[in-house]
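To start, the structure under review is shown below, and the notes come after it.
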Amino acid sequence: MADAAALAAGAMTDHADTRFSAGPVERRKRTVERIAATLLGVVTCSLVLPLAGIMGVLLTKAWPALSWSFLTQNPQDYMTAGGIWAPLVGTFYLVFISLAVAAPIGIMAGVYLNEYASDNWGTRIVNMAVVNLAGVPSIVHALFGVGAFVLFAGMGRSVLAASCTLAIMTLPVIISSTREALAAVPQSFREACWNMGASRWQTIRTIVLPNAISGILTGVILQVSRAAGETAPILFTGAVFYVATPETGLEAYLPYGLWDRCMALSYHLFTITTQVSGASEELSYATAVVLIGLVISVNLLSIGFRAYLRGRKRW
Amino acid sequence: MRHSVSNRLGVAAEPLIEWTIRLCGWSAIFFVFAIFFFVFREGAPFLFGRLDVVDFLTNPNWRPDSPVRVQYGVLALIAGTASVTALAALLSVPAGLGAAVFVSEFCPQRLREVLKIVIELLAAIPSVVWGFIGYMVLNPLIIWATGAPIGINILNGGLILALMSVPIIMSMGEDALRAVPDTYREAAIALGASRWQLVYKVLMPAAKNGLLAAALLGIGRSVGETMAVLMATGHAVQIPGSLLDPVRTLTATIAAELGETVEGGDHYQVLFVIGTLLMVMSLVVNVTADLVVKGMRGKQNG
């Protein structure tokens, strides 16, 4: 009975492979293929695991400390208690001022590179500069900020100097994302507009930018998360260990001016983790969760926006 | 009516706008030089006046605060950077390129979308959070697993840096594989190649330069990373003997010490000299990666 079944199965495979029987080479090829696919798949998935694991650990450890008042209270008792309102506000200041500086310059530079620059050595140098600017280590940005903004420009250690440093850091990425967004606008749109007698700038203003603006914004939004998370560039240019904030009044809610030093969420995480003795673990876990939550929600927003745009695109 | 007025204004302002755009375009060059200039300027008096370059690069003693004999030798710091970066590269280059191959060639469409989002999120995690994870999560894990007295060391920093540079290597590697024309794939499949044979025999040689550039940029990022290594590699200035030794990197030294120095003092200036060194290293890595990619394009055109 069993023999008959085996015979039948054998007959079936024989039948399937009558014309192309798998020789040793072919069999080896298939084995290697299977091993390679599995191995690569495992490697890739093993990259997903740390993300999930890290999120899990952070969330469980932070859970007891997370509450609404954690967000809205200022740090207290030498930063061993209280919340993260002041650093959160500092981070918002830094992010928005740096983007207000970087976005116009970056977008215009992207426009130049995609719409005006001809393919010559000058443009190649500009491209090279953008690539190199993107590769400058963040701590070197900090040194640059100290040398250029804090000392040379006389801003002192301030929100403004830190924001400018962050702006230079985010600039190259804004340039490249703007460029990509502009390059996605079909050339025929421009040609049609030129044929109507429009000048180069009129074409850009009325046709190219309106069609690319959402792509450009996606790139800028992404830099919100980058600027919020960076620590090294603001270390010596404006972020400080602790700034006392008044208990009441408007100052308690909006603690900084442009020329003040400020606290920032990323630096706050560093200090309460490594420098402050007696700060509870929960507090630093909770700070990490808020920072990571901020960054990841901005990224998800940008990803969602991108997917929406792709779905809506009509050309 | 309103339209024509705004158009006339637009035409009048056009040269001005175009020049602004042009200036912004060129600003990238200006900023690169400005960074180099300002960092170099702060360190220059020391570099040219009081620094013995050979001693600086070969002396393993970094004792900027020593009351007896102040020594500025960066050899141990370079060894720290090199050891952590090497471990990170050893882990992240195969993993990153493997993931790039998987996502680009083996993976079903739906899974690819999900994986790309996950990798993008992995890339978005700020370096201070990575440092925090090294310091708080990986540290006890390493002590538990290896019995080492302290868990913030080369192993910790290398693992963290590997996780940080994988997304870059992967996305650039995937771009490189995508850049191989589909006709290559079709020809290989028509000849009966399996997907692995296609990858190994056709795509890897064809995308070799792009993959190399991806690896280089990933390594470049590890060298320049600051907060994560500051928190995760421990704070011992020493030439490491094993994976479980704590080290201090070039970047972490600047981050840890600049705040305590006197503006214009020797210690302050020597940190800017290290900054210049880092800047030069990153320029070399980026230009090399760029030339490697350009080399590939040149060959394909020719």
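With the biggest extent put first, the Cα atoms of the range B:166-302 measure 68, 35, 21 Å across the principal axes.
Sorted largest first, the principal axis extents computed over the alpha-carbon atoms of the range A:56-141 equal 59, 27, 24 Å. Using only alpha-carbon positions in the range A:88-262, the gyration tensor eigenvalues give semi-axes of 36, 19, 12 Å once each is multiplied by 5 and square-rooted (largest first). Annotation: amide H of residue B:72 within the under-5 Å range of B:63, sequence separation 5 or more or interchain, hydrogens built in the peptide plane. Taking every DSSP helix (H) stretch of at least 4 residues in the protein assembly as shown, weighting each as -39,500 (n - 2.57) and dividing the sum by the residue count yields a mean residue ellipticity at 222 nm of -23000 deg cm²/dmol. Taking every Cα-Cα distance in the range A:119-195 and sorting them into 5 Å bins starting at zero, the pair-distance distribution P(r) comes out as 3, 13, 17, 16, 15, 12, 9, 6, 5, 4, 0 percent. Reported to the nearest whole Å, the Cα centre-to-centre distance from the range A:158-219 to the range B:152-173 is 32. Compactness ratio for chain B: Cα radius of gyration over 2.2 N^0.38 Å (N = residue count) comes to 1.25. Does chain A come out rounded, prolate or oblate, given a ≥ b ≥ c as the square roots of the eigenvalues of its C-alpha gyration tensor, rounded meaning a/c under 1.5 and, failing that, prolate meaning a/b above b/c? Here chain A falls in the oblate category.
If R0 is taken as 56 Å, the Cβ-Cβ distance between residue A:81 and residue B:288 corresponds to a FRET efficiency of 0.65. For the range A:171-183, the Karplus equation 6.51 cos²θ - 1.76 cosθ + 1.60, evaluated at θ = phi - 60°, returns couplings of 3, x, 6, 5, 4, 5, 6, 4, 4, 4, 4, 5, 5 Hz by residue, with Gly and Pro reported as x. Volume of the convex hull of the range B:85-180 (Cα atoms only), normalised per residue: 104 Å³. Distances between placed amide hydrogens fall under 5 Å for residue A:82 paired with A:76, all partners being 5 or more residues away or on another chain. Projected onto planes of every orientation and averaged, the convex hull of the alpha-carbon atoms in the protein assembly as shown covers 38.4 nm². Sorting the segments A:93-103, B:70-80 by their residues' average number of neighbouring beta-carbon atoms within 10 angstrom, most packed first, yields A:93-103, B:70-80.
Values quoted throughout were computed directly from the atomic coordinates according to the rules given, and no laboratory measurement underlies them. Quantities reported herein were computed from a predicted structural model and do not represent experimental measurements. Please note: Cβ atoms are built from the backbone with ideal geometry, for glycine as well, and neighbour counts cover all protein chains shown.
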